[in-house]
Amino acid sequence: MSKIEIRNLTVEYTEKNHRFTALKDVSFSVETGEFVSVIGSSGCGKSTLLSTLEGIHVPTEGEILIDGKPVTGTGSDRGVVFQHYSLFPWMTARKNVAFGVKQVRRDLSSSERLKIADTFLGRVGLLDFKNKYPSQLSGGMQQRVAIARALAMDTDILLMDEPFGAIDAKNRTILQELLLKLWEGDGSQEKKTVVFVTHDIDEAILLSDRIIMMSANPGQIFREIPVPFSRPRDRASLVQTKDYSAFRNELLSLFYRDIAEKIGGNEVVL
């Protein structure tokens, strides 16, 4: 049985008396411990898909199953990082992370939760800022706190919506490596199951076992592509190989061909 099963998912909205289809007949599964990235042009429903997985949106048609059970709302089995920082402005960075831990580990004492918060703030490079409020942090730093909170919750499933998009290149690389390290673990327990939305093809290749490409208007899957590179992946050496360049160019060609078809243009030549 797959960890996540998405069956014939359609999500529609009504705005100003206009019916809009964000997702149409989307079906795929994610195995336990698999890292799946979802890429596609703006407006293809990537964020809607993640929000529906989180339980925030209700499907118009179809269903989502986690461990064989229908998703009927949010749950403590899913850690989430959205594009926007979603921190509580009245809590310090440390307390924001500890609050997330509390949702899944109510058996721990307050001091134990704060200790875990310190550990993960240290891992994202923000331990010295633990007593700062969100308004005292830059946008990228706020997002790093949100990432620390999701990782500290230690859930079976991680749902991540462009979590590194607002972060500078250096810290983005560090956090990508941290995410991979935490996902791969030490072999003593099952890997987390990750659904990761990104616009960045290189990021998707580095992180993923499989890449799902979506098209827009309405949001649909038009290709599922296994990433052919073995793990662990060394970024510096991988990007210099001919196989990497060929695979990257294949993804870029598919990505831009879909956009060209949607606007009625010709195939893009790279």
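The values are calculated or read from the model by the stated rules, or taken from the named source; none is laboratory data. As the structure is a prediction and not an experimental result, all values here were calculated from the model. We place every Cβ from the backbone using ideal geometry, glycine too, and count neighbours over all the protein chains shown. Side chains included, ligands, DNA and RNA excluded: accessible areas come from the protein's heavy atoms. Shrake-Rupley method; radii C 1.70, N 1.55, O 1.52, S 1.80 Å.
A few comments on the model shown:
- Residue that is least open to solvent (accessible area, probe 1.4 Å), among those in region 181-209 that are part of a helix (DSSP H, G or I) and either free of Cβ contacts under 8 Å to residues at least 24 places away in the same chain or charged (D, E, K, R) (or both): E203
- The set of residues in region 210-242 being open to solvent by less than 20 Å² (accessible area, probe 1.4 Å) and touching a residue at least 40 places away in the same chain (Cβ under 8 Å) consists of I211, I212, M213, M214, S215, A216, G219.
- Residue within region 118-137 that is modelled with pLDDT under 90, of a type in the set (K, R) and over 27 Å from S37 (Cα atoms) present: no
- Which numbered condition F164 misses (of (1) assigned to a helix (DSSP H, G or I); (2) touching a Lys or Arg at 6+ places or on another chain (Cβ under 9 Å); (3) open to solvent by less than 30 Å² (accessible area, probe 1.4 Å)): (1)
- Number of the exception - D107 against (1) open to solvent by 70 Å² or more (accessible area, probe 1.4 Å); (2) at pLDDT below 85: (2)
- Cβ pairs under 7 Å, 6+ apart, first in region 66-86 and open to solvent by less than 70 Å² (accessible area, probe 1.4 Å), second among the acidic types (D, E) and at pLDDT 80 or above: I66/D77; D77/D156; R78/E54; V80/E54; V81/D161; F82/D161
- Selection of region 23-44 for residues being open to solvent by less than 10 Å² (accessible area, probe 1.4 Å) and either of a type outside the set (A, V, I, L, M) or modelled with pLDDT under 90 (or both) yields F35, S37, G40, C44.
- Of all residues making up region 1-21, the number that are over 19 Å from A216 (Cβ atoms), in a strand (DSSP E or B) and among the aliphatic types (A, V, I, L, M): 1
- Taking the listed residues R172, R123, R144, the one that is without any contact (Cβ under 8 Å) to a residue 60 or more places away in the chain, within 26 Å of R231 (Cβ to Cβ), open to solvent by less than 30 Å² (accessible area, probe 1.4 Å) and not hydroxyl-bearing (S, T, Y) is R144, with no other qualifying.
- Index of the failed condition, F20 passing every other in (1) within 20 Å of P70 (Cα to Cα); (2) touching a Phe, Trp or Tyr at 6+ places or on another chain (Cβ under 8 Å): (1)
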